[in-house]
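The values are calculated or read from the model by the stated rules, or taken from the named source; none is laboratory data. All of these numbers come straight from a predicted model, not from anything done at the bench. Cβ sites come from the backbone with ideal geometry, for glycine too, and all protein chains shown count toward neighbours. Quick note on the areas: whole protein, heavy atoms, side chains included, nothing else; ligands and nucleic acids left out. Shrake-Rupley method; radii C 1.70, N 1.55, O 1.52, S 1.80 Å.
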Amino acid sequence: MVKSILLKKRPQGKPSVSDFEFVTEDVDLQINEGEILLETSYVSVDPYLRGRMSDAKSYVPPFELNKPIQSGIVAKVMASKNEKFAVGDFVSGMLAWKTQQTSTGEGLTKVDASNAPLSAYLGVLGMTGLTAYLGLNQIGKPVAGETLVVSGAAGAVGSIVGQIGKILGLHVIGIAGTDEKIELLKTEFGFDAGINYNTSKDINAELKKLAPNGVDIYFDNVGGPISDAVLFNINKFARLIICGAISVYNNTDIPKSISVQPFLVKNSALMQGFIVSNYAEKFPAAITHLSRWLAEEKLTYAETIVDGFDQIPNAFIDLFEGKNKGKMIVKI
Ligand SMILES: NC(=O)c1ccc[n+]([C@@H]2O[C@H](COP(=O)([O-])OP(=O)(O)OC[C@H]3O[C@@H](n4cnc5c(N)ncnc54)[C@H](OP(=O)(O)O)[C@@H]3O)[C@@H](O)[C@H]2O)c1
């Protein structure tokens, strides 16, 4: 039996399970010369998939209706007619939401289960770790002693950004949605301070207290009013890394935000959009750094692991409810 999850309709507002179709087929998958047969082990669910579920123009094409969704997946090679892959190897790459599938191996990378838990290749040693490392370094250009603010701070990207900030000698403030997450930022991830945006009466005023010398780098994962509040605190020559805007991904109207231009002009500040795939040539060096910091226990990571193929849509939807700490992953 092969199970698949297809995009049935394009979500309007917040996605719901009824936007997806679950299909089970009684097929015995065969491979041709040059192909491998894969069994899915771990599936990454990511906020950016929401963008691909709509048909608006973006940096990656939209998912097609009635076709399986694709995301980062770690899978085991069950049969191989491709000399680059042996039975028992694990690979990671963009694959379909299917329990089994065939592949030519193109775009897949072998991952070493003895080096790190397999799920880590979808998080700290995968796309989200690379995003944290490259976004902070390439656009943030951190200098020891500066102040870094991170939104979405307890998530997959944010929790790694803050820790790298500490490794590089920054003063780090995280913004997240619950007191429990703020506690985690300080105790597990070494952040200096945190703000719960759901209970804060005035994020701008709280930031002024926590960062009396102002904000030099803002790593923005969420957009919206949280990011507006940060703008009031930026320093001269601040760098604003626009990595994501989850707070508006489900909006059906054009979001209302304050005008950023006066803040950027007054502070000679840089605001730049970041897409991790634009930095592919820097991935190997970034992974070397992240792996070394993990081995030296300077870096740690959290995962929220949900069990079962049928739970993939729910785990994806839960990202918009903040149900994850660290990387949200589905174990098959
Ligand atoms: N540009 C790139 O190349 C790239 C690559 C990877 C990720 N990203 C972006 O980076 C961001 C983080 O991704 P991730 O994979 O690390 O996800 P994540 O942070 O692990 O998960 C999403 C988190 O967003 C927070 N959130 C949900 N709704 C929110 C809202 N309305 N306002 C504020 N926070 C909200 C929730 O935490 P709380 O409990 O704190 O609300 C939730 O846990 C996303 O915007 C994503 O699209 C961009």
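Taking Lys and Arg as +1 and Asp and Glu as -1, the other residues whose beta-carbon sits under 10 Å from that of Tyr249 total +2.
Among the listed pairs Lys181/Lys331; Lys141/Lys186; Lys67/Lys331; Lys298/Lys325; Lys14/Lys208; Lys98/Lys298, those with a Cα-Cα distance over 26 Å are Lys14/Lys208; Lys98/Lys298. Among 96-105, 147-156, sorting by the average number of other beta carbon atoms lying within 10 angstrom of each residue, highest first, gives 147-156, 96-105. Under a no-solvent Debye model with one identical scatterer per Cα of segment 14-158, what's log10 I(q)/I(0) at q = 0.12, 0.13 Å⁻¹? Ignoring solvent entirely, the Cα scatterers give -0.63, -0.72.
When Rg and the Kirkwood radius Rh are both evaluated on Cα atoms of segment 1-73, their ratio Rg/Rh stands at 1.01.
The calculated pair-distance distribution of the chain uses every alpha carbon pair, bins of 10 angstrom beginning at 0, and gives 6, 25, 33, 23, 10, 3, 0 percent. Taking Cβ atoms as reference points and 14 Å as the exclusive limit, the residues near Gly174 contribute a net charge of -3, counting Lys and Arg as +1 and Asp and Glu as -1. Measuring nothing but how far apart in sequence close Cα pairs (under 8 Å, 6+ apart) lie, relative to its length, segment 127-277 scores a relative contact order of 23 percent. What the phi angles of segment 195-200 give under the Karplus curve with 6.51, -1.76 and 1.60, with θ = phi - 60°, is a coupling list of 10, 8, 5, 7, 10, 5 Hz, glycine and proline written as x.
Our summary gives segment 243-328 a relative contact order of 23 percent, counting only alpha carbon pairs under 8 angstrom and 6 or more residues apart. Where the centroid of each part is defined by its Cα atoms, how far is segment 195-252 from segment 148-182 in Å? Spelled out, the Cα-based centre of one part sits 12 Å from the other. Across segment 200-267 the C-alpha pair distances fall into 10 Å bins from zero in the proportions 20, 53, 25, 3 percent.
Rolling a 1.4 Å probe across the protein heavy atoms gives segment 127-277 an accessible surface of 43 Å² per residue.
Normalised Debye scattering of segment 46-126 at q = 0.12 Å⁻¹ gives log10 I(q)/I(0) of -0.41, counting only Cα atoms as equal scatterers and leaving out solvent. Per atom type, segment 53-179 shows carbon and sulfur on 53% of its accessible surface, probed at 1.4 Å. The aspartates and glutamates within cross-link reach of Lys57, meaning a Cα-to-Cα straight distance under 19 Å and a gap of 8 or more places when in the same chain, are Asp46, Asp253.
Between helix 156-167 and the chain there is an angle of about 50 degrees, using the helix long axis and the longest principal axis of the Cα atoms. For Lys8, the aspartates and glutamates whose Cα comes closer than 16 Å to its Cα, not counting residues fewer than 8 places off in the same chain, are Asp19, Glu21, Asp55, Glu64, Asp310. For the listed peptides 119-127, 163-171, 299-307, 138-146, a ranking on the average number of other beta carbons within 10 Å per residue, highest first, reads 119-127, 163-171, 299-307, 138-146. When the helices of the chain are scored as -39500 (n - 2.57) per DSSP H run of n ≥ 4 and the total is divided over every residue, the value at 222 nm lands at -6500 deg cm²/dmol. Per residue, the convex hull spanned by the Cα atoms of segment 127-277 measures out at 108 cubic angstrom.
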